[in-house]
Amino acid sequence: MRHAILMWICVTMATCQIVSQDLADMNPLLFNDRALKGPGVIARVTPTGTQYVASVVAAAFSSHFADIKPPKERKDHQLTSAPTVTLRRLMLETLQLDKQLVSTTTSDGLLRIAVRNISVSTSAVLTGELRGIKLQDSVTFRTPSLRLDVAIRITKNGGGNPALKMETCKITTQGIKLITKPMDPRNGKSLADAIANDANSIFSDMICSKIDHIVTNRVNQRFALLSSRISLEDSKNFDIVKIIMQAEERMKRLVRQKIFSRLRSNQTIRRNVHAHNARRVSRDPVRGKRQMDEDKFHLILNSFNFSRADSLMLDYSMITSPSLTSRGIELQTSGEVFQSGHVTPFGAGPIFLPRVPNPSQMLQIVVSDFVPNALMFHGHRIKLFDTRIDWTTPQFGPVMRTTCDLSTGSLFCIGDLFPALREMLPDRNIAFVFTTLKAPAVIVQPEEKGGIHFSLLGLIRLVSDRNEPIGEMEIRIEALMKMKLTPKSVKGKVTIEEIQFTSRSPRILLQEELDDAGFLSREILQRMVNDILRQGIPIPIHPLFKLVKPKLTLMSRSLLLETNFLLNEHIIAQLTAETLVA
C-alpha cells in the first residue's frame, strides 16, 4: 500500500512538473485554448476538384487493366441464349478511355464515378455445339461505347490515411462487334447476338473484379503502409513511392524472418547449437518490433541537410472519415506540428468551411492558427528559433561594433544605442545571441479586425568577439504579420508595432538606454524576427497534392486557402501498378 502511494505521488509530481513546464513555455495569448480539441485543418475537394481527381485515377486504372489477374475473376461464361456454347479463357485485351468523359457526383457518403464511351476489346475461346456444329474457335469482341458506373465509399484506415471500398459497379454496353474465323453465317449472327445479350454481365465480371482488386490489394494496402506523420524537414522532399517500396521490403523481410524462425524452432539439434539459436531467436522480436516501429513512423530515405526542424513531425492524418455531400468531399485532419514524445498543451478552436463551394477552385482549406502556434511551441522547446547576429552577418556586420566611424565602414553602430557599453568595451565587435523565453504566437483575425497579430518574448545575450559574456536583456515584441503563400507553405513577414527591452544586467545595459533603443534598433530586430519565420508554416495537406496559385483569406482564428491543384499522375499510376518503380 505504501509503495502504491509513493508511486502515485511520484507520478503526480512528474505530471505536475510537465504541466508546469508546458505553462512556462506557452505564450499567454493561448492560455484559453488549453481545453480546445478541434481539427487543425478542414478541407473540401469541390465538385470541380473531385471530377479532376477521378479522371486522373481512372486514366491510371485503365493503363493497368490488362495485367491484373484477380483471384476471383471468372474465366468462363455460358451464354444465356445459347446454353450449349461457353466462352472460355476470357481475357480483357485492351481498355481505353477519355479523361474528358469522366464525371462524378458525391452524396450519401459515396463518390459516384461515371465513365462514358470506353473502348474495350476482349478475347475468348468458343467451345460447345451450335446447330450440330462443334465449336473450338478463338474470338475477339469489341465495343467502343461501354459505360462504367462505380460507387466508392471513402473512409479512414487505422493510420489516418484514406481507405476505399467499392460499393457498386455496373457496366452498360451498346452493341458489340464479333471477330472470328469464317463459320456458318447463321452461327456467326446467333453467336454475335448471344454475346451481345450477355455483354453487360461478361464485362461486369471482368472489369468490376479488376477495379475491386486494384482498390483493395494495391491502393489500400499501400496507403496502409504509409505513416500519416512525417518529419517537418522531410515534408519538403516527400517521396511517397520510395517510402512505400521500403515499407513493402521491410514487411517481406519480417515475413521471411518469421518463417525461418518457425523452421528452426521445429528442428531437433544439439543442445549447444539449440541454445545459440535460441539466443538469436530471442532477439528477433526486438528487431521485428523496431522494424514495425519504422513501418509505423517511417524514416524518409532522402536524409540529407537535416536541421533542428527534423525532430518536429507533421501530422496530416484524418480525424474522422470524410463527408461526401453535394458540396464535395470534406475531411478533417489533425494538422498538428509536434515533437516526438511531447504533447501540445493547447488545441484548435472551431473552424468552418465556406457554406458554398467556389466553383472556380478545386480545393478549399481552412487552417487554424493552432497549426503555426503548435509549430512555434515545439520549435521553442527545441530551440529552433535561436539565432545569432554578429560582425560577420551580411548587411549588419559593420553595425555590430561598440565604436564606429568612417574607418569601420558605418557611421552608426550598437555603441550608439548603448553608450555605457561603448565606454566599458570600446572598439570591440559584439554579437547578439537570441533565444525565445516563451513560444511565439500568432492570433489570426479578419483584415478589418486587425489581421494577424504576432507576439514574442525573448532573451538577447551580448557576447564580445573574445566570446566573453557581456550582459542580457529581455525583449518583447508585438507585431503585425503579412502572409505570403507558396505551393507548400505559408510564409510570414512581420512589421514591428511595439518593442520593449528589459535589462537583466543594469550596470552594463542601462534601462534608460534600452528605453531609447527600441526605435533605433527596429530594423535589426525585424531582421531577427523574420529569421525566425523564414522556414514558413507548412500547409498540412497530403503530399500527392501540389497547390497551384493558392489564394489566402483571413478569418477568425484561421486562414482560408482556395486553390486549384495538380496530382502527380506518375505517382498515381505507380500506386495502382502491380510493381512500384523508384
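Taking into account only those residues within the range 549-572 that are touching a residue at least 40 places away in the same chain (Cβ under 8 Å) and over 20 Å from Arg355 (Cβ atoms), which is most open to solvent (accessible area, probe 1.4 Å)?
Step by step, filter the range 549-572, then rank; the result is Glu569.
Look through the range 469-491, keep the residues that are under 26 Å from the mean Cα position of the chain (by Cα) and β-branched (Val, Ile, Thr), and return whichever of them is least open to solvent (accessible area, probe 1.4 Å).
Val490
Where the second residue is open to solvent by less than 30 Å² (accessible area, probe 1.4 Å) and assigned to a loop (DSSP other than H, G, I, E, B) and the first is within 14 Å of Arg229 (Cα to Cα) and lies in the range 152-167, which pairs have Cβ atoms under 6 Å and are six or more apart or on separate chains?
Correct list of pairs: Gly159/Ser228; Gly160/Ser228; Gly160/Ser317; Asn161/Leu226; Asn161/Ser228.
Of these, Ile179, Ile154, Ile195, Ile171, which one is touching a Pro at 6+ places or on another chain (Cβ under 6 Å), β-branched (Val, Ile, Thr) and not assigned by the TED database to the domain that holds Leu331?
Details: Ile179 fails: touching a Pro at 6+ places or on another chain (Cβ under 6 Å); Ile195 fails: touching a Pro at 6+ places or on another chain (Cβ under 6 Å); Ile171 fails: touching a Pro at 6+ places or on another chain (Cβ under 6 Å).
Answer to the selection: Ile154.
With the range 43-132 as the region, which strands (runs of 3 or more DSSP E) entirely inside it contain at least 1 residues that are open to solvent by 20 Å² or more (accessible area, probe 1.4 Å) and closer than 30 Å to Arg186 by Cα?
85-96, 110-130
Any idea which residue in the range 434-468 is nearest to Thr403 (Cα to Cα), counting only those that are surrounded by 15 or more Cβ atoms within 10 Å (Cβ to Cβ) and among the basic types (Lys, Arg)?
Among those residues, the one meeting the criterion is Arg461.
Can you work out which of the residues in the range 133-181 that are open to solvent by 30 Å² or more (accessible area, probe 1.4 Å) and hydrophobic (A, V, I, L, M, F, W, C) is farthest from Ile113 (Cα to Cα)?
Ile133
Of the residues that make up the range 438-448, is at least one assigned by the TED database to the domain that holds Leu552 and more than 32 Å from the chain's Cα centre (by Cα)? Full working, then the answer.
Taking the range 438-448 and keeping what is assigned by the TED database to the domain that holds Leu552, we get 438-448.
The next check asks that each one be more than 32 Å from the chain's Cα centre (by Cα); those that pass are 448.
For the range 438-448, residues assigned by the TED database to the domain that holds Leu552 and more than 32 Å from the chain's Cα centre (by Cα): present.
With respect to Phe501, determine if the residue is touching an Asp or Glu at 6+ places or on another chain (Cβ under 8 Å) and more than 17 Å from Asn530 (Cα to Cα).
The answer is yes for Phe501.
Might you check whether a residue that is under 21 Å from Ile524 (Cβ atoms) and either assigned to a strand (DSSP E or B) or not assigned by the TED database to the domain that holds Ile443 (or both) occurs anywhere in the range 329-343? Walk me through it before giving the result.
From the range 329-343, those under 21 Å from Ile524 (Cβ atoms) are none; that's our starting set.
No, that holds for no residue.
Among what's in the range 492-505 and is surrounded by fewer than 15 Cβ atoms within 10 Å (Cβ to Cβ) and under 42 Å from the mean Cα position of the chain (by Cα), pick the residue that is farthest from Leu554 (Cα to Cα).
Within the range 492-505, the first condition is being surrounded by fewer than 15 Cβ atoms within 10 Å (Cβ to Cβ), and the residues that meet it are 495, 497-498, 500, 504.
So of that shortlist, the ones also under 42 Å from the mean Cα position of the chain (by Cα) come out as 495, 497-498, 500.
Working: Thr495: 17, Glu497: 20, Glu498: 22, Gln500: 28 Å.
Only one residue fits best here, namely Gln500.
When you scan the range 458-476, do you find a residue that is free of Cβ contacts under 8 Å to residues at least 60 places away in the same chain, in contact with a Gly (Cβ under 6 Å, 6 or more places away or on another chain) and closer than 20 Å to Arg381 by Cα, even just one?
Checking the range 458-476: at least one residue is free of Cβ contacts under 8 Å to residues at least 60 places away in the same chain, in contact with a Gly (Cβ under 6 Å, 6 or more places away or on another chain) and closer than 20 Å to Arg381 by Cα.
Buried (at least 18 other Cβ atoms within 10 Å of the Cβ) and farther than 30 Å from Asn429 by Cβ: is that true of Leu363 in this structure?
Numbers: buried (at least 18 other Cβ atoms within 10 Å of the Cβ): yes; farther than 30 Å from Asn429 by Cβ: yes.
When the stated conditions are applied, Leu363 passes them.
Which number in (1) assigned to a loop (DSSP other than H, G, I, E, B); (2) in contact (Cβ under 8 Å) with a residue 24 or more places away in the chain; (3) open to solvent by less than 30 Å² (accessible area, probe 1.4 Å) marks the one condition that Ser410 misses?
Result: Ser410 passes all but (2).
The values are calculated or read from the model by the stated rules, or taken from the named source; none is laboratory data. Predicted model only: the values in this text are computed from it and were never measured. Cβ sites come from the backbone with ideal geometry, for glycine too, and all protein chains shown count toward neighbours. Surface areas here come from the heavy atoms of the whole protein model, side chains and all, with no ligands, DNA or RNA. Shrake-Rupley method; radii C 1.70, N 1.55, O 1.52, S 1.80 Å.
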